[in-house]
């Protein structure tokens, strides 16, 4: 009886040992099949351990970029701007290296009496027509005497070139003009249309058609030189 009990006990122990061995093998086998995704990261914290621990776990905060405050510097008030001086107008030479103002002044230095101050009108209109202004003034001075004292034909009838025609000046053959401006323009128009336009553009070519005097050409040349030198 005792022998059977001992045998039974040994078998029971062996059976238990076999069960434990089998379970151990099964556990090891299951451990080899653990998915890597289920492995707890070392950075993970056990909630229960946290609850029972007095240590404070610092959780990293998201980095915040703080913009540096730029101190506003008040702008200096600019001094009142100074207007630049206007540039002088370009020099425009119209005749013998002279501007219209210089040419007008030169002609005026040769015009006296009632023709005084008409240099600008003569210079401007002569150049507009294409007439030599020296030649035009030279004829005026010779025909009117305005290099010193103008003749009565100029003073009374504004005829500056000894022109003939109508309306008549005092019933004679010389023409009368209502104003001095009209007389100057009329003379220059006559010089252009009846001489320049027909090809008579020099003193020598104009002389025989303008006057019967054989000295007319030489006197006109003398006046031209006097004007140029003034």
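The values are calculated or read from the model by the stated rules, or taken from the named source; none is laboratory data. Predicted model, so just to flag it, every value in this text is computed and none were measured. So basically every Cβ, Gly included, is an ideal-geometry build from the backbone, and we count neighbours across all protein chains shown.
The set of residues in region 112-145 being closer than 24 Å to residue 196 by Cα and not in a helix (DSSP H, G or I) consists of 118, 130, 131, 132, 145. On the given criteria, is residue 149 out of contact with any helix residue (DSSP H, G or I) (no Cβ under 8 Å at 6 or more places or on another chain), on the phi < 0 side of the Ramachandran plot, surrounded by fewer than 19 Cβ atoms within 10 Å (Cβ to Cβ) and without any contact (Cβ under 8 Å) to a residue 60 or more places away in the chain? Judged against the criteria, residue 149 is not a match.
Quick one: which of 158, 120 is in contact with a helix residue (DSSP H, G or I) (Cβ under 7 Å, 6 or more places away or on another chain), surrounded by 13 or more Cβ atoms within 10 Å (Cβ to Cβ) and over 29 Å from residue 93 (Cβ atoms)? It would help to see each step written out before you state the result.
On the way: 120 fails: over 29 Å from residue 93 (Cβ atoms).
Only one candidate qualifies: 158.
Candidates are the residues of region 101-111 that are in contact with a helix residue (DSSP H, G or I) (Cβ under 6 Å, 6 or more places away or on another chain) and part of a helix (DSSP H, G or I); the one that is farthest from residue 146 (Cα to Cα) is 103. Taken together, 178, 167 contain a single residue that is modelled with pLDDT of 95 or more, in contact with a strand residue (DSSP E or B) (Cβ under 9 Å, 6 or more places away or on another chain) and either surrounded by fewer than 13 Cβ atoms within 10 Å (Cβ to Cβ) or on the phi > 0 side of the Ramachandran plot (or both), which is 167. Residue-level check: of (1) out of contact with any helix residue (DSSP H, G or I) (no Cβ under 6 Å at 6 or more places or on another chain); (2) assigned to a loop (DSSP other than H, G, I, E, B); (3) at pLDDT 95 or above; (4) farther than 28 Å from residue 97 by Cβ, residue 214 misses just (3).
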